[in-house]
Amino acid sequence: MKLFVDTGNIADIKKLVALGIVDGATTNPSLMAKETRNPRDILKEICDLVQGPVSGEVVATDLDGMLREGRELATISEHIVVKVPFGPAGVQACKTLTSEGTRVNVTLVFSAAQALLAAKVGAYFVSPFVGRLDDIGAEGMELIGDIVQIYENYEFGTQVLVASTRSTLHIVQAAKLGADICTCPPAVIEGLFKHPLTDSGLERFLKDWEKAQQK
Ligand code: G3P
């Protein structure tokens, strides 16, 4: 399963890319709004750093606007994947941009029915939001299982990009369900490294080694 970093923060991306575990990146308007620089420049820098798929989202809500912004985003780098919000306009924009050779990530997906429509119009990625489903008392990971099964049934090429991840458990469950990608905030990726037994185990190894040196 691939790991993408879900942020527009260059310093965080640099730190994680250096670890060799980042396969791509995703952004959204809320994440971009936290940064001070021009979003286009940020996306370009992320593409150069990550050297893998980088999702940049349109903010238009009508078809023409989505197409205009999507085509402009696609000129930033060969790594750009245009992210469009799910809905009738997003679905049409996905079909048109895909037919022009631009890869599209259909986002804000909260049901298997929506994921089915995204696949039918050739989405490169579909982004179901697990954390936000959990937040309203639904079972976010159940949706991932459903989408993986539907895509397998019909051999859709759309990749399942699990978004709105909040914990290590989300990532492990996504991997068990056969999702293609998880996109995670930097803190969630850092959390994947942690285990108290690793820390205490290393401490014990080093103490034992030190004692042996004093003999
Ligand atoms: O990029 C979309 C998604 O990952 C948002 O996550 O935490 O705002 O629900 P969150």
With +1 on the Cβ of every Lys and Arg and -1 on the Cβ of every Asp and Glu, and nothing else charged, how large is the dipole of the range 2-214 about its Cα centre, in debye rounded to the nearest 20? 220
Compactness summary of the range 1-70: radius of gyration and Dmax from Cα atoms, Å, are 12.6, 40
Once phi is turned into ³J(HN,Hα) by the Karplus curve 6.51 cos²θ - 1.76 cosθ + 1.60 with θ = phi - 60°, what whole-Hz value does each residue of the range 99-111 show in order, with x for glycine and proline? 5, 8, x, 8, 7, 10, 10, 8, 10, 6, 9, 10, 8
Kindly report, to the nearest 10 Å², the accessible surface of MET1 as traced by a 1.4 Å probe over protein heavy atoms only. 100
Could you work out the relative contact order of the range 82-142? I mean the mean sequence separation of Cα pairs under 8 Å and 6+ apart, divided by the number of residues, in percent. 30
Going toward the positive end of the dipole of the chain, with +1 on Lys and Arg Cβ and -1 on Asp and Glu Cβ, which of SER127, SER30, CYS47 do you reach last? CYS47
Taking amide H positions as placed in the peptide plane 1.01 Å from N, state which residues far from VAL109 in sequence (5 or more) or on other chains have amide H under 5 Å from it. SER127, PHE129
Nearest 10, in degrees from 0 to 90: the angle of helix 168-177 to the longest Cα principal axis of the chain is 60
10 Å Cβ shell holding at most 16 others, DSSP loop, GluC sites (Glu not before Pro): longest site-free stretch of the chain: 156-215
For LYS194, list the lysines whose Cα falls under 26 Å from its own Cα; do not include residues on the same chain fewer than 8 positions away. LYS2, LYS14, LYS15, LYS176, LYS207
Do the sum for the chain: with -39,500 (n - 2.57) for every DSSP H run of n ≥ 4, divided by all residues, what is the mean residue ellipticity at 222 nm, to the nearest 500 deg cm²/dmol? -16000 deg cm²/dmol
Please work out how much accessible surface LYS207 shows to a 1.4 Å probe, ignoring ligands, DNA and RNA, in Å² rounded to 10. 110
Mean separation of Cα contacts under 8 Å, 6 or more apart, over the residue count of the chain: relative contact order %: 17
Coil-residue chymotrypsin sites (Phe, Trp or Tyr not before Pro) of the range 171-215, DSSP, other Cβ within 10 Å capped at 10: PHE193
Distant-in-sequence amide H partners of SER55 (H built 1.01 Å from N, under 5 Å): ALA25, THR26, THR27, VAL81
What translational diffusion coefficient, in µm²/s and rounded to a whole number, does the Stokes-Einstein relation yield for the range 58-208 at 4 °C and a viscosity of 1.567 mPa s, taking the hydrodynamic radius as the Kirkwood radius over Cα pairs? 78
Rounded to the nearest 10, the angle in degrees between the Cα long axis of helix 140-154 and the longest principal axis of the Cα atoms of the chain comes to 60
Longest principal axis of the chain (C-alpha) makes with the long axis of helix 39-50 (C-alpha) an angle, in degrees to the nearest 10, of 50
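The values are calculated or read from the model by the stated rules, or taken from the named source; none is laboratory data. It should be emphasised that the depicted structure is a prediction, and the values quoted were computed from it without experimental measurement. When we count neighbours, we look across all protein chains shown, and the Cβ atoms used for this are built from the backbone with ideal geometry, even at glycine. The accessibility values were calculated without ligands, DNA or RNA, using every heavy atom of the protein model including side chains. Shrake-Rupley method; radii C 1.70, N 1.55, O 1.52, S 1.80 Å.
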